[in-house]
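*Asks:* Sending over a structure as structure tokens; questions will come in a sec.
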Amino acid sequence: MSIQTFDDTRHLTGENGEFLGNSFAHSKTFSMATPFLTTSTTLSLSLSTHLHRLSSSLSSTCFPFKPNLHRVPRNPSLLASYGNPHLFNHEDHHSTYKSLLSTRVLGPKSNFLQMGPSETSCSREILVKSSASDSSNTVISTLSQKVFGVLHLVVSLGIVLAMDKFLKQAFVAAAIKFPSALFGMFCIFSVLVILDTTIPAAATSLMNFFEPALMFIQRWLPLFYVPALVVLPLSVRDIPAASGLKICFIIAGGWLASLCVAGFTAIAIRKIVKTEMVDAEPMAKPSSFAPIEFWTWGGIFLASFVSAIFYPTALGTTARTCLPFLLASTVLGYMVGSGLPSAVKKVLHPIICCALSADLAAVAFGYISKSGVDAVLGDYLTKVSSNPGAGDILMGFLGSVILSFAFSMFKQRKLVKRHAAEIFISIILSSLFSLYSTALVGRLVGLEPSLTVSILPRCITVALALSIVSLFEGANSSLTAAAVVVTGLIGANFVQSTLDKLRFRDPIARGIATASSAHGLGTAALSAKEPEALPFCAIAYGLTGIFGSLFCSVPVIRQSLLAIVG
């Protein structure tokens, strides 16, 4: 038996010959008797092959260069022989081979261990797990934020709708004809101003809480004024063609005249009081429509349209059954109209596109189901709370829209206070001009007195306009609603380009002129592109209705209007 002991020292160099360090391998080989040499050699070769492959693979993975291992000559006296002296030469040859084998196997292995592969692998595994954990946490955080955002929207919007419903019921119970939403708007504005004076943090928190609801209302604002425009064919059916042309002339000319009076009055008063114009507070713009919204509403339209054809009373009544596809067609029309190029929008406003989409859906369903378009339009706006249609659902948001104006006014409270003189004076003069000019022109063109009275509140929102004409005997409320809608439609379609041509640059003049001449529809159209004008539109929108109602409630003014009409 022989025991072989040696020390192995190697230099590790790169491809360019640079010195990378030393590697020390201490190896001991125990050789048994001669019969075991063959087996030992075979096992060593097998082990050498596998370890060399493993070492080469790991080396190519861990090193971007190819290390060269150079042996350093060893001292021959390290070889010791025990037992049979005749085996010395053979052992010497065999030990030389084993020394080479040890260099190839143990050298890279020893050097590899010095580089710490297990620690590197461990570190990579920890990094991968950490990255996966961070990614998972990000997904969970994003999902939780979206869920919280939806809940926040539902709660804040629900409170606004509940507030509007409560005020309506309270005013009905008290037999008050004044619009409850306008009262609520000024109440909210007053509360915010008081809180801002006493506890500013509370006012800020209240604004932040209702922000999701306000952005939702601003995003869909034009939709809530569309139902009266959709059912317009039913409102003007009984009006003679000649009278209809005269009414259109009065409405179109009156809109332009009212807009000029309000805008130029605001600018003139500002010059008189010498109020310096400052920039309005920046207002956030609602997000654009995502493709998934188009697909969702498109799916609702197709499914409900086909279902309503085969099962006309699937939801109890025809109005409820038609509600989903009529609502979807209205929404899709608004989305498509909003995505049109700016040049097309000047001719085909999103509100017109929205109304046309709903009317086309009504015509298609009336033709396929053989029920007629009039019946479908009647189901679109039933005005019955127990059997609502798509138009009733949309118009149910009008009160909340007016309530939301209080928050917009509060955001621009400093500017409103600064320009209070021009705001109130221009609105009062514009309201009086609108009433008396309509009565005078109606008599000049020979329009029937009952029809002239019906269109007197053409520049006032529908809810207040209907209250005003109820003070006059013989007025046609359907014509009143139609006149208001057409006025708003003209304003929505042409207000921005007209303001530009008249060179009304500041948001105060633009907002007051728009709302004083085209009420809600004009406000919705302008604020969609110019959010900074929304607070002044809201003020003019509310005050025009208030002053118009107050003026017509005064017997002297009402009698003077009737005298002019004839």
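The values are calculated or read from the model by the stated rules, or taken from the named source; none is laboratory data. Here the structure is a predicted model, which means the values were calculated and not measured. A quick note on method: Cβ atoms are made from the backbone with ideal geometry, for glycine too, and the neighbour counts reach across all protein chains shown. The area values use the complete protein model at the heavy-atom level, side chains included, leaving out ligands, DNA and RNA. Shrake-Rupley method; radii C 1.70, N 1.55, O 1.52, S 1.80 Å.
*Asks:* Would it be correct to say that residue 525 is at pLDDT below 85, closer than 21 Å to residue 352 by Cβ and buried (at least 21 other Cβ atoms within 10 Å of the Cβ)?
*Replies:* yes
*Asks:* Inspect segment 422-433 for any residue being more than 24 Å from residue 456 (Cβ to Cβ) and assigned to a helix (DSSP H, G or I) and give the result as yes or no.
*Replies:* Taking every residue of segment 422-433 in turn, at least one turns out to be more than 24 Å from residue 456 (Cβ to Cβ) and assigned to a helix (DSSP H, G or I).
*Asks:* Just checking, which of 509, 482 is open to solvent by less than 30 Å² (accessible area, probe 1.4 Å), within 28 Å of residue 267 (Cβ to Cβ) and either free of Cβ contacts under 8 Å to residues at least 60 places away in the same chain or touching a helix residue (DSSP H, G or I) at 6+ places or on another chain (Cβ under 6 Å) (or both)?
*Replies:* Exactly one residue qualifies, and that residue is 509.
*Asks:* Would you check which residues across segment 336-366 are charged (D, E, K, R) and either at pLDDT 80 or above or within 15 Å of residue 486 (Cα to Cα) (or both) and list them?
*Replies:* Matches in segment 336-366: 359 only.
*Asks:* Select from segment 418-445 the residues that are under 18 Å from residue 272 (Cβ atoms) and charged (D, E, K, R) and write down the one among them that is most open to solvent (accessible area, probe 1.4 Å).
*Replies:* 418
*Asks:* Being surrounded by 15 or more Cβ atoms within 10 Å (Cβ to Cβ), at pLDDT below 95 and under 26 Å from residue 234 (Cα atoms): is that true of residue 275 here?
*Replies:* Against the criterion (surrounded by 15 or more Cβ atoms within 10 Å (Cβ to Cβ), at pLDDT below 95 and under 26 Å from residue 234 (Cα atoms)), residue 275 does not qualify.
*Asks:* Can you tell me which of (1) in contact (Cβ under 8 Å) with a residue 12 or more places away in the chain; (2) over 37 Å from the mean Cα position of the chain (by Cα); (3) open to solvent by 10 Å² or more (accessible area, probe 1.4 Å) is the one residue 473 doesn't meet?
*Replies:* That leaves (1) as the condition not met.
*Asks:* Among the residues of segment 146-201, what is the count of those that are within 25 Å of residue 549 (Cα to Cα), in contact (Cβ under 8 Å) with a residue 40 or more places away in the chain and loosely packed, with under 12 Cβ neighbours inside 10 Å?
*Replies:* Number satisfying all stated conditions: 0.
*Asks:* Moving on to the next point. Please enumerate the residues belonging to segment 349-383 that are free of Cβ contacts under 8 Å to residues at least 40 places away in the same chain and not in a helix (DSSP H, G or I).
*Replies:* 370, 372, 383
*Asks:* Additional query: Hey, among 230, 226, which residue is under 30 Å from residue 378 (Cα atoms) and touching a Cys at 6+ places or on another chain (Cβ under 7 Å)?
*Replies:* It is 226.
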